[in-house]
1. Hey, which of the helices (runs of 4 or more DSSP H) in segment 21-122, taking only ones fully inside, have at least 1 residues that are modelled with pLDDT under 75?
2. For Ser10, are the conditions met, namely being more than 23 Å from the chain's Cα centre (by Cα), loosely packed, with under 11 Cβ neighbours inside 10 Å, modelled with pLDDT of 90 or more and polar (S, T, N, Q)?
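The values are calculated or read from the model by the stated rules, or taken from the named source; none is laboratory data. From a predicted model like this one, the values you see are computed outputs, not experimental measurements. We place every Cβ from the backbone using ideal geometry, glycine too, and count neighbours over all the protein chains shown.
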Amino acid sequence: MLYLFCGLLSGAVLAAICRPLFRKDDTLESAVIEETEWDLLQRKKEVVLGNIQDLDFEYKCGKLSDEDYRKIRGEMSAEAALVFQQIDEIESSKDLDALIRREISARKNKAVAGPVVCPACGSKNPTTNKFCAECGVKLKH
């Protein structure tokens, strides 16, 4: 009897722990957690600046020639300038409320759109899938 009780209790605890893993959450609140274009650009900025820092370190250690360093540093600086420019364009938008409304509208339309039909096998997939759950073909959104 004690073993049965312990088995049921451990099964209930395991089910309670695993329940969030199998729950489908397509609400607007979960969509808000997704990254915006500004978030992606901020992350890209951090990566580019980190790469420049690593390049400088490699050059100071003597692992790169002057010519290679100048060439690669110029390319990375141009990429960083482009990212900074894109961030400035987003941040300089005078009507931030309109930007927020557009973002919310785009996310609502994405959530409202019906399932995506796989071009290869015809199975229906949620709009959040990038690949077909049945055959693995890349889905077109």
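1. Values: elements: 28-32, 37-60, 66-91, 96-112.
Qualifying helices (runs of 4 or more DSSP H): 28-32, 96-112.
2. Considered against the rule, which asks whether it is more than 23 Å from the chain's Cα centre (by Cα), loosely packed, with under 11 Cβ neighbours inside 10 Å, modelled with pLDDT of 90 or more and polar (S, T, N, Q), Ser10 comes out as yes.
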